[in-house]
Amino acid sequence: PGDEGAVEGPPGEEGQADGAAVALATSEHDLGEILVDGEGRTLYLFEPDEQGPSTCEDECAASWPPLVADEPEAGAGVDEALVGTAERRGGGTQVTYDDWPLYHWVGDGEPGDATGQGVEDVWWVLAPDGTPLRDAPTDDNGGRDLGY
């Protein structure tokens, strides 16, 4: 108990909990109130997804593991009506929020980290209402080119 929602890699990789329940919650952060997983790990959206199917695959998904689960659960502060899922092109079911596919960032070492904010000016944390926090401060990652 407690780590059933841990999802560390894209579908098919070790650490994935496809089929398990995943809890979503909110957390107070320097960026404002943001969406996190049940373990307090920051969740991100990828702007090119445009609230549709995931476009982050291969090298992108290695750096930004998708949050995968068949049964996402709305925790404290989360609008249950915004929680959903979408099938990934390579298989697996990705958790969505307000139709945005959700991801972790491998650069976040601990719960509460949000070092992916603003990376390449396309990766953003989400507010509890599902909007990306594009105007929130970054950790000097904005504009950084990851090469994929």
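FYI, it's all coordinate maths here, none of it is from the lab. Predicted model, so just to flag it, every value in this text is computed and none were measured. Glycine gets a Cβ as well: all are built from the backbone with ideal geometry, and neighbour counts include every protein chain shown.
What the table below lists for this structure:
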quantity: Nonlocal amide H pairs with V83, under 5 Å, H built at 1.01 Å; calculated: D98
quantity: FRET efficiency estimate (nearest 0.05) - Cβ-Cβ, V106 to D129, R0 25 angstrom; calculated: 0.40
quantity: Kirkwood Rh, angstrom, the range 33-134 [1 / mean 1/r, Cα pairs]; calculated: 13.3 Å
quantity: Length released on extending from E87 to E57, taking residue separation times 0.36 nm less the Cα-Cα span; calculated: 9.5 nm
quantity: Residue-by-residue Karplus 3J(HN,Hα) for the range 30-35, coefficients 6.51, -1.76, 1.60, Hz, glycine and proline x; calculated: 4, 7, x, 7, 10, 7
